[in-house]
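Asker: Take this structure, written in structure tokens, and hold onto it; I'll ask about it next.
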Ligand SMILES: Nc1ncnc2c1ncn2[C@@H]1O[C@H](COP(=O)(O)OP(=O)(O)OP(=O)(O)O)[C@@H](O)[C@H]1O
Ligand SMILES: Nc1ncnc2c1ncn2[C@@H]1O[C@H](COP(=O)(O)OP(=O)(O)OP(=O)(O)O)[C@@H](O)[C@H]1O
Ligand SMILES: [Mg+2]
Ligand SMILES: [Mg+2]
């Protein structure tokens, strides 16, 4: 068997994306042992939405069997995905859900990602205190979903007060600067909800202000941060958005291309086309395990998790 | 024009007034905003911006529509290289500075050669270079552990060194003095103003204009590289887009500082004030309780107001 | 050589043809109607934005806000269409509202820069932030699909030719008309030697404002095309358009200092930029080298274009 | 008959500089009216006020009997007033035709530019200067490719194309040669015949007496007098212009020119030069003459390393010089002063100190600058030329044109250079400033400097030089010394092959 699969990644600003593609490449190579040849067509560069649509068009013109995309917009791909479907191409989005009925989503539930982080925060604060949130890029769907998941949880606790919600664009330095300003403005912060790379920056600011003991804040899962977290004995926890999601999506794609049929009723999500993967969660109880897994890895390596072909088959296919 | 209006149209006075006004607004909105330690943290952030803006100033003063849009990519390059070279050890700081500064100096020189010898408009040359450096970074940072800041570098940037003031601020003060000396007490400084004011006349007084202009872009690269080292000291580790957020602010700080984008005028002290004013503005906005879009409107609006105060071009009818 | 001086776009055209041939070799099915149409659909927005940017640059100014204008027009259009229930009338009104928004954004830029004499780079950076903020106000997160007829029409055919081709042809006609109006000369004069244009009695202020309005309008048309391509609203759309449109303008032989150049050249420049992306894609480069190679080719093209125009 | 134009008590301040404190002018219909005065006395400013380019602070303008207040050049043009701008109002990127009809394009019914008509009208206008305009002068040529005199001609035609009732020609002959001036004068006369009034501004006294009906003289922003040409003479006019100052007319030649040449130039060749050889001695003022653009400036610039040479050698004090860039020449002891100060010399917006310092820093290889070590030297250099300025820290723009030029000469005096290359340095500067310059040049020569001096005005060459090389088509056509140093010989040699 031979399949040509297009991988489209529209942003290269982080090592997470690199790891995502590398893991997908590894997953494709692993299929060889099962006698399946996979030729990957990779587009990975900083593009805007229409640039990424262009890449998808090129993949369609190239005649791929499936396209796996980390999309730059949830809604903008509807027309092009419908064209892909007309051409008989399987489209799977990962990392961010898409509205197209002609594609499916394989990845984590970003709303749940937010819920998990804030549930931990609420539990840690025992349901009361002043909380600030530092979010990613305003208007970005994943960010909005995470924020809404978090808010949904926090709203259940009347004694938790969200004193400020800022945006730091998923940028570590901006996260640090924002946290600094928030600390200066609100001397009595008890908890912080912050995600991804911004969390490392925020924690740096908390450390600089000498408040590591007083504040509970979510963190992130790159090895660098895990080390500091452990060394500084932070009161932290983090949902994991594993870079392996694309590899998982690739496994699902191959199974589908091989003619397997999806189980009934597995689709859900905002647009009803999503199958969700588990979200690993790291807190002080399993931090040591995560550190063991990260041993020997580079600093930017992120805790990951991949749904193997066999597991995927068992979970999602008839 | 009487003395009072003359004083009020002086960029230095205006920038100082803006700073005081922003501090007052910040203090009113959130008591404690203008506290000593908070001001020092704000100055730390300003210092980072101020250092890139130093190189930017030189390029702008040198005229011929001088502008360096590649400083962001070069900061990232400097940060990634420095992180890898020092790899978390104090002994690596000096080599890190040399490697980061050296590499970005060379990239800057290439910008300069393109601008002077190939006569490519600076906006275009440095924009194109941004793409190349970013691409290079993606190649470079793959697989190589993206390094860590050395502890002393981090404490130099984040902790008090002398008289309760962090080393970074002393460094910035030093940069300020060095810039004054360069511009007001060296032949090179006189030449920069001369060629910014009238390139042809500068050539006819024997100044090696092309050489100097090439050097200016090199210096801008050097400052960006050193800023990259400082940034990694600030954030602890580096990633490929860490410098992006400094590009346009560095240009704006230059303009707020009273340097005409037409070249041949202005000085670095104004730019230092401009960097502080801009950082303050961003901080005040973060402490404002409002939606992201509202902050954007205010930020844009204040920039326009600053333009109204002293960014205006000459009237045609005099 | 004088031929080249007045027809700088010939050089760009040569580059375009070369890239096309390389693309063709790498992608044998390139010259089929569907693939060509598909490529034109991808390139059209940047082509349109670059045309508008040309007029601003010719007048000696620059517009860094076009990307945000595109986003704002897009969200205004989809919001109006949605508010009016998505009927054909609603679509028309939505598009009208979009065009009006684009023109207004251009007008604001023009009034600030020409009327109040603000510095163009920083000013359009600031208005870009403001327009982007407004886009987020109108539509906080991506969504709000447009009726299927909208994007089906955009992606479909009319009178035997793809609609995108008609739009492209319309744009070429528009620039041909503009380039033969006195306005075009006056704009070149205002950009080439502003005092001279003023002393000659030209209404320099109005001319520059007009250029910004044109730029806003072309950005709006680009946004309507993008809306047809993406079938929905996205407040973060178009963030790279400002810088790439400037690259396209320069590639097309228009001087950034103002006064000389042509919108037709920018069309070619935009196509060159798009073809570079295609060639990178089909060359099958390792993914981590894609950005670097694209950056290098773009820089070389920019440098080469400028160099040839200097000879 | 009531006057066409009456300007009364016009005042204009530019920041701290008062350019006009009482500018007045009355022009009769069909008159050619000269406006005369030293550099910086406010002629151009008054012209621009009349043409709507500059907003006056106070004063009254009457045109054809009614009060006017043009708020833009557009307004003035609508009234029938046009101005030939001293610094020209052309757009280099546009063609000759586009420039001439800019803002007045003929349109087709559909509103497009009527390219055919435009070309036709342009060619009709160009016809007037046929034969004297030089090569490459066509309707399609971009103005950026034109020589300075050709640009002035375009500006003249542009003004004419507007068909005004009153034209102000602000130094419209500054770059024109004799034949071109003749054509221009013919145009002036035919305008006069059509009842069009002209205001003619020039620093060339001969031209004024040749063509003007009346002369208004300004001094320091004030109109001092209006004279009828037929009833006055040169001396009266000069006295009105300069006030009490006496103007020396002839400069004694140096009898003590050394025998040994200091500078030996052989076989200089380049794109614009054809095997030029000569030498220059200490104490000598060597003139370069001939029609404009025959290679005089090219020689000076080449000697200064500012223009590439294809062949030839330059020996100074026995040493062969390598002149790849101006710095080489400067360090060898050469200095170069251009008449086109705005383009070639001024660091606009910078202080007088910085404007003077640049050359000294290069010559002395001063890496570090301590202003106090240099100030006295600069003050002395400026004083040698009677420069009027407020202090070394004042911006260069606060000075009038003539005083600026003195600063740019001081720039080189401060370097103590021994070979001075003057490239039409008195272009557009007034008589008093010229006199200061001549006295200085002679003084420097007497102290042993070698001066090579190109002037577009023959009278200046004849009154100052010890020897004149006459250029034609990039080569030396004749050398005038002793008895042959006369206007007759100079003109003869200049026109030798050309006419
Ligand atoms: N819509 C179009 N379709 C085809 N060719 C076009 C179109 N618009 C412009 N052109 C051609 O592109 C070239 C560049 O246009 P532009 O008008 O800017 O150049 P130009 O130098 O002014 O040419 P011209 O002398 O023909 O007016 C011209 O030759 C023009 O005919
Ligand atoms: N735009 C300006 N800004 C400041 N000062 C100016 C400006 N224009 C003219 N001046 C000053 O006003 C005075 C009069 O200048 P003007 O150009 O009218 O003199 P002019 O008589 O035309 O001299 P010239 O014979 O050198 O052309 C000068 O001192 C000049 O420096
Ligand atoms: Mg044309
Ligand atoms: Mg004048």
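Only the coordinates and a few stated rules stand behind these numbers; no lab work does. Here the structure is a predicted model, which is why all the values come from computation and not from measurement. Quick reminder, even Gly has a Cβ in these numbers, built from the backbone with ideal geometry, and neighbours come from all protein chains shown.
Asker: Over the protein assembly as shown, what is the percentage of antiparallel beta bridges among all DSSP beta bridges, to the nearest 5?
Answerer: Beta bridges within the protein assembly as shown, antiparallel portion: roughly 45 percent.
Asker: Sequence gap at least 6, Cα distance under 8 Å: using those rules, report the relative contact order of segment D:130-206 to the nearest whole percent.
Answerer: That works out to 34 percent.
Asker: Using a 10 Å cut-off around each Cβ, can you sort D:319, C:37 from fewest to most neighbouring Cβ atoms? List each step's numbers first, then the result.
Answerer: Values: D:319 9, C:37 18.
The fewest-first ordering by Cβ neighbours comes to D:319, C:37.
Asker: Only bridges whose two residues both fall in chain D count here: according to DSSP, what percent of them are antiparallel, nearest 5?
Answerer: The antiparallel proportion sits near 55 percent.
Asker: Specify the inter-centroid distance of segment D:93-125 and segment A:209-236, based on alpha-carbon positions, in whole Å.
Answerer: 73
Asker: Efficiency by 1/(1 + (r/R0)^6): what FRET value for residue C:100 and residue C:14, r their Cβ-Cβ distance, R0 = 41 Å, to the nearest 0.05?
Answerer: 0.55
Asker: With angles folded into 0 to 90 degrees, how steeply does helix D:431-446 sit against the dominant principal axis of chain D? Use alpha carbons for both and round to 10.
Answerer: Helix D:431-446 sits at roughly 10 degrees to that axis.
Asker: Provide the FRET efficiency to the nearest 0.05 for the residue D:179-residue D:117 pair, computing r from the beta carbons and using R0 = 41 Å.
Answerer: Working: r = 30 Å, r/R0 = 0.73.
Computed FRET efficiency for residue D:179 and residue D:117 comes out at 0.85.
Asker: Just rank A:48, D:446, C:63, fewest to most, by other beta-carbon atoms within 10 angstrom.
Answerer: D:446, A:48, C:63
Asker: Using only DSSP helix segments of four residues or longer, with each worth -39500 (n - 2.57), what per-residue ellipticity at 222 nm results for the protein assembly as shown after dividing by its residue count and rounding to 500?
Answerer: Mean residue ellipticity, 222 nm, calculated: -17000 deg cm²/dmol.
Asker: Between segment C:140-158 and segment C:163-235, how many Å separate their Cα centres?
Answerer: 25
Asker: With the cut-off at 1.5 for a/c, could you classify chain B from its C-alpha gyration tensor as rounded, prolate or oblate? Each step should come with its number before you reach the end.
Answerer: Values: a/c = 1.62, a/b = 1.04, b/c = 1.56.
Since a/c reaches 1.5 but b/c is at least a/b, the shape of chain B is classed as oblate.
Asker: Then there's this: Among C:107-116, B:13-22, B:248-257, A:257-266, what's the highest-first ranking by average C-beta atoms within 10 angstrom per residue? Walk me through the numbers on the way to the answer.
Answerer: Values: C:107-116: 21.5, B:13-22: 18.5, B:248-257: 27.2, A:257-266: 11.5.
Packing order, densest peptide first, comes out as B:248-257, C:107-116, B:13-22, A:257-266.
Asker: Helix D:178-193 versus the longest principal axis of chain D: what angle, 0 to 90°, nearest 10, using Cα atoms?
Answerer: Taking the Cα atoms of chain D, the angle to D:178-193 is about 20 degrees.
Asker: Return the distance in nm (one decimal) between the two label points of a simple spin-label model at residue C:24 and residue D:109, each offset 7 Å from Cα along Cα→Cβ.
Answerer: 4.3
Asker: Determine the relative contact order of segment B:48-311: mean sequence separation of Cα pairs under 8 Å and six or more apart, normalised by residue count, in whole percent.
Answerer: It comes to 37 percent, rounded to a whole number.
Asker: Follow-up. Once R0 is set to 56 Å, what does the formula 1/(1 + (r/R0)^6) return for the Cβ-Cβ distance between residue B:181 and residue C:177, expressed as a FRET efficiency to the nearest 0.05?
Answerer: 0.45
Asker: Take the alpha carbon atoms of segment A:19-98, find their center, do the same for segment C:50-80, and report the distance between the two centers in whole angstrom.
Answerer: 30
Asker: What's the exposure ranking of D:465, C:105, going from fewest to most Cβ atoms within 10 Å?
Answerer: By the 10 Å Cβ count, ascending, the order reads D:465, C:105.
Asker: Over chain D, what is the mean sequence separation of C-alpha contacts under 8 Å (at least six apart), divided by residue count, expressed as relative contact order in percent?
Answerer: 16
Asker: Averaged over D:357-363, how many beta carbons belonging to a partner chain fall within 10 Å of each residue's beta carbon? Mind showing how you got there, number by number?
Answerer: Working: counts 4, 12, 4, 2, 9, 8, 2.
Partner-chain Cβ atoms within 10 Å, mean over residues of D:357-363: 6.
Asker: Now for a different question. Roughly how crowded by other chains is peptide D:342-352, in terms of the mean Cβ count from those chains within 10 Å of each of its Cβ atoms?
Answerer: On the way: counts 2, 4, 6, 5, 3, 11, 6, 9, 8, 1, 0.
Mean shielding by partner chains, rounded to a whole number: 5.
Asker: On a 0 to 90° scale, report how tilted helix A:15-30 is relative to the longest principal axis of chain A, with both axes built from alpha carbons and the result rounded to the nearest 10.
Answerer: It works out to around 40 degrees.
Asker: Run through the DSSP bridge list for segment D:103-242 and note the antiparallel percent, rounded to the nearest 5.
Answerer: Working: 7 of 12 bridges.
If I count the DSSP bridges inside segment D:103-242, around 60 percent turn out antiparallel.
Asker: Rounded, prolate or oblate: which one fits segment C:2-310, using the alpha carbon gyration tensor with axes a ≥ b ≥ c (rounded when a/c is under 1.5, else prolate when a/b beats b/c, else oblate)?
Answerer: Since a/c reaches 1.5 but b/c is at least a/b, the shape of segment C:2-310 is classed as oblate.
Asker: Please state, as a whole number in µm²/s, the translational diffusion coefficient that the Stokes-Einstein equation yields for the protein assembly as shown at 25 °C and 0.890 mPa s, with Rh defined as the Kirkwood radius across alpha carbon pairs.
Answerer: Once the numbers are plugged in, D ends up at 70 µm²/s.
Asker: Further, regarding this structure: If you take the square roots of the eigenvalues of the alpha-carbon gyration tensor of segment C:63-181 and sort them as a ≥ b ≥ c, do you get rounded (a/c under 1.5), prolate (a/b over b/c) or oblate?
Answerer: oblate
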